Amino acid sequence: MEPLSWIEIIVRVLYQFLPVWLSMAVVFIGSMAFKKRLGLYGRIFDSPIGMFGFALVIFWAFTAFYAGFFDLIATHDALSQVSGMKNKSPGTPYAGAEAGDYPYYLLGGDTLARDVFSRMVKGSAIVLSIAPLATLFGYCVGITLGLPAGYYGGRVDTFLSFLANLILAFPVILLFYLLVTPEIIATGIPMYMAAVFFIFPIVFLVVLLNSRYHVLPKVRTPLISITLILGLWLYFSTISESGRGTWVDFWPGALDLFNIPGGVLVVFIAVVFVNSPTIFRIMRGLTLDVKTRDYVAAAQTRGETAWYIMLWEILPNVRGPLIVDFCLRIGYATILLGTLGFFGLGLPPESPDWGSTINTGRKLLSVYLHPALAPAFSLLSLVLGLNLLADGLREESLKD
Amino acid sequence: MGMFILRRLGVMIITALCLTFVVFFMTNLYPNLEKLAKTQGNFRMSEEQVATWLDNRGYTRPMLVKYGEWLGVVPGFVVEGTDGETRARCARLGSDVAEAPRFCGVLQGDWGYSSQFKEPSSKVLWKRLGLTGFLMLCALILTIPVALVIGILAGMREGSKTDRSLSTFSILTSATPEYVSGVVLIAVFASSAVGLKWFKGSATKAMTDASFENFTLPVLTIALFSIGYIARMTRASMTEVMTAQYIRTARLKGVSFQNIVVKHALRNALIAPFTVIVLQIPYLLTGVVITETLFNYKGFGWLLVQSAGNNDIDMLLGVSVISVVIVLSTQLISDIGYVFLNPRIRIS
């Protein structure tokens with residue numbers, strides 16, 4: 001078979017993304033139709049920059065969704081090595097294709113003769129399952145600590161701010177090298193950190209609900225019990241490793257919903273750890289700014305509890321800057337994940353995530369470009385999309 | 001002002017102590033020591049051999065004592081090894097155990113001994129730091145003028161076509177991490193397959209003999225990210241100044257647009273970017289690590305990666321002390337500089 005020409009490659013790649021295009025079309029048409037009723041989200045569609053950014057972001061979100069759950073877009077297995085396909089240029093016919101195999105390596109093969117296109121697509125599933133979730137956890141930590149630091153001030157603030165500045169004074173890469181090595185993983189330190197960080201979302205939710213409903217015990221008690229049972233179940237499922245003989249091996253295996261592979265968990269923790277001090281500082285600054293407003297004083301006069309004021313008066317009123325920062329921070333988390341992969345830390349070397357793929361690809365970069373360029377442009381477009389989306393959101397939220 | 005600087009210096013020292021202790025703690029955990037023993041001694045050592053190797057070299061004593069020794073507030077150890085040899089912390093460089101000084105830590109100016117380079121840490125450290133300083137200086141010389149010009153041009157007429165295109169450019173570059181821009185730059189300018197072949201994809205030679213050909217790409221890789229970021233900050237500050245009352249007054253008086261920008265707006269618009277530029281230096285440090293790894297330029301960032309990879313304890317501690325000092329002193333400089341540049345703060 002002849003190798004494909006560039007035009008054929010582009011057409012075939014675009015066709016491969018068909019489910020993504022369809023989903024994007026549905027989202028866009030639906031959102032445009034109900035734009036007026038969708039609040040801030042609907043207003044993204046008023047700014048061309050925001051819309052373009054949003055398109056890039058949901059493109060990768062849908063790609064990750066279809067590739068991760070339905071195994072759709074990728075043409076080959078991301079890990080299998082095929083003899084005769086090593087470093088082949090884009091559009092090379094698949095050597096030894098049988099019936100049912102996709103007949104081409106659309107974006108060529110890498111140094112280990114794996115399909116670059118499929119690895120790029122599968123990589124998006126890894127990146128997009130870690131980065132947004134890690135940012136969300138970082139937010140739980142940052143908000144739960146930043147609100148009281150800004151609201152109470154004093155010693156709590158001094159102590160927490162010192163801690164945050166301490167972490168921020170570390171060069172990110174040194175921190176990664178200290179946290180994400182097999183030796184440190186063997187000591188179990190990342191697991192202790194996971195145990196600390198993962199408790200924050202539960203604490204946050206419980207305090208959130210309790211501060212609002214503590215006057216209505218009939219609502220409060222069932223609500224908090226359900227949150228606690230579900231939260232703790234997920235919590236122990238996440239941190240416990242049944243049958244591995246570590247200190248977290250106490251949770252009964254029957255109740256263990258899932259086991260996160262060690263590498264993923266450590267990478268996750270590292271990203272949360274690096275992100276949360278910055279979120280803490282942002283949250284603290286916003287709280288300091290807002291706590292002098294009249295509606296806070298009114299709530300204080302009404303005799304509301306401190307946590308009610310923080311979570312139900314201050315937090316909703318600073319959501320604008322927080323949403324914008326959330327988008328930027330997912331982008332930053334993506335960059336951090338890539339950095340980890342670039343230095344070969346955390347995830348196993350054969351993992352198709354973009355950072356690791358760039359790391360393997362860069363070694364032969366001056367001869368074979370395609371193995372490193374495909375993930376590089378993917379990462380770039382996702383981060384760019386998030387930045388543009390944040391820009392559009394900021395512009396639109398400043399309009400009123 | 002004096003009190004302010006003194007307090008900041010105090011916080012700086014406490015931060016540095018905490019940080020180095022964290023690094024010390026992490027690098028002295030047993031699995032890390034085991035790795036050190038195996039790379040320094042022999043990869044096929046049994047568990048007992050590793051334990052005696054570490055015992056003989058004083059690695060297995062309590063953490064706080066070892067940290068004190070490193071600092072120079074606790075006398076250095078003298079251990080009579082099971083192999084009959086007596087080793088002392090202060091006699092690591094081959095001098096006689098009996099003549100070795102009692103204290104040898106950072107306070108005495110002894111930065112320890114690099115287990116990987118077989119040299120005193122400080123010697124390696126200063127050499128590599130010099131190389132990186134040169135790289136960062138070149139990057140800053142490129143970044144600052146370009147970023148300021150882009151930011152001012154974009155910010156002086158908000159919403160114009162120049163603004164749109166320059167802002168898009170700065171968002172694009174600030175959204176590109178170094179390992180992506182480096183890879184793209186190598187692909188375009190250095191690849192032997194399809195690229196333009198203008199520059200070299202490796203900067204190893206630039207360490208001794210920096211030329212346009214081998215040094216452009218690393219400098220550009222570091223600069224691009226900061227250019228985007230600083231340009232965005234400059235643009236924001238410029239647009240704010242351009243809507244100020246005194247600019248409107250000047251315009252109504254009939255001052256030409258060029259004069260408004262150069263004489264009235266520029267000076268006030270540059271206060272905020274100053275802080276951003278100074279605070280950008282610690283971020284450059286992260287960029288430097290990636291860029292040096294990508295272009296194989298053996299500077300400070302390369303040293304960090306190497307010593308972390310080999311668990312070279314003394315070297316890593318040296319590296320972290322230096323980076324902490326850089327981060328905290330840039331923060332201090334930016335705060336002080338801001339006060340001097342902004343008369344409103346000085347008066348209040």
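The values are calculated or read from the model by the stated rules, or taken from the named source; none is laboratory data. Since this is a predicted model, take the numbers as computed values, not measurements. FYI the Cβ positions are ideal-geometry reconstructions off the backbone, even for glycines, and counts take in every protein chain you see. What goes into the accessible areas is simple: the full protein's heavy atoms, side chains included, and nothing from ligands, DNA or RNA. Shrake-Rupley method; radii C 1.70, N 1.55, O 1.52, S 1.80 Å.
Cβ separations smaller than 6 Å between residues 6+ apart or across chains give the following pairs from region A:23-42 residues that are under 22 Å from A:Arg394 (Cβ atoms) to residues that are open to solvent by 50 Å² or more (accessible area, probe 1.4 Å): A:Gly42/A:Lys35. Looking at region B:3-88, the helices (runs of 4 or more DSSP H) lying wholly inside it that each contain 2 or more residues that are of a type in the set (S, T, N, Q) sit at B:30-40, B:47-56.
Checking each residue in region A:279-306 for being among the β-branched types (Val, Ile, Thr) and open to solvent by less than 40 Å² (accessible area, probe 1.4 Å) picks out A:Ile279, A:Thr287, A:Val290, A:Val296.
Residues of region B:35-49 that are open to solvent by 50 Å² or more (accessible area, probe 1.4 Å) and touching a helix residue (DSSP H, G or I) at 6+ places or on another chain (Cβ under 6 Å): none at all. For region B:310-322, the set of residues classified as modelled with pLDDT of 85 or more and farther than 15 Å from B:Val124 by Cα is empty.
Only residues that are aliphatic (A, V, I, L, M), within 11 Å of another protein chain (Cβ to nearest Cβ) and within 21 Å of B:Leu64 (Cβ to Cβ) were counted in region B:6-36, giving 10. Scanning region A:341-358 for residues that are within 10 Å of chain B (Cβ to nearest Cβ) and buried (at least 23 other Cβ atoms within 10 Å of the Cβ) yields a total of 6. A:Ser23 satisfies every condition listed in (1) of a type in the set (Ser, Thr, Tyr); (2) closer than 29 Å to B:Ser167 by Cβ; (3) modelled with pLDDT of 90 or more except (2). Does A:Ala169 qualify as being within 14 Å of another protein chain (Cβ to nearest Cβ), buried (at least 18 other Cβ atoms within 10 Å of the Cβ) and at pLDDT below 90? The answer is yes for A:Ala169. Quick check on region B:7-22. Is at least one of its residues surrounded by fewer than 14 Cβ atoms within 10 Å (Cβ to Cβ) and either small (Gly, Ala, Ser) or in the same structural domain as B:Asn311 (by TED's automatic domain parsing) (or both)? Within region B:7-22 (the criterion being surrounded by fewer than 14 Cβ atoms within 10 Å (Cβ to Cβ) and either small (Gly, Ala, Ser) or in the same structural domain as B:Asn311 (by TED's automatic domain parsing) (or both)), the answer is yes, since at least one residue qualifies. Of all residues in region A:33-51, those satisfying the criterion of being farther than 18 Å from A:Leu388 by Cβ and open to solvent by 70 Å² or more (accessible area, probe 1.4 Å) are A:Ala33, A:Phe34, A:Lys36, A:Arg37. The criterion of at least 1 residues that are more than 14 Å from every other protein chain (Cβ to nearest Cβ) and either closer than 25 Å to B:Tyr229 by Cβ or open to solvent by less than 30 Å² (accessible area, probe 1.4 Å) (or both) is met by the following helices (runs of 4 or more DSSP H) wholly inside region B:242-348: B:245-253, B:266-269, B:271-295, B:313-341, B:343-347. The set of residues in region A:360-385 being facing chain B (nearest Cβ under 8 Å) and either on the phi > 0 side of the Ramachandran plot or of a type in the set (S, T, N, Q) (or both) consists of A:Ser366 alone. The residue of region A:307-329 that is farthest from the other protein chains (Cβ to nearest Cβ), among those that are among the aliphatic types (A, V, I, L, M) and open to solvent by 20 Å² or more (accessible area, probe 1.4 Å), is A:Leu315. Counting only residues that are without any contact (Cβ under 8 Å) to a residue 40 or more places away in the chain, open to solvent by less than 50 Å² (accessible area, probe 1.4 Å) and within 14 Å of chain A (Cβ to nearest Cβ), region B:200-241 holds 1 of them. Considering region A:146-166, the residues that are facing chain B (nearest Cβ under 8 Å) and either without any contact (Cβ under 8 Å) to a residue 24 or more places away in the chain or of a type in the set (D, E, K, R) (or both) include one that is farthest from B:Leu303 (Cα to Cα), namely A:Phe162.
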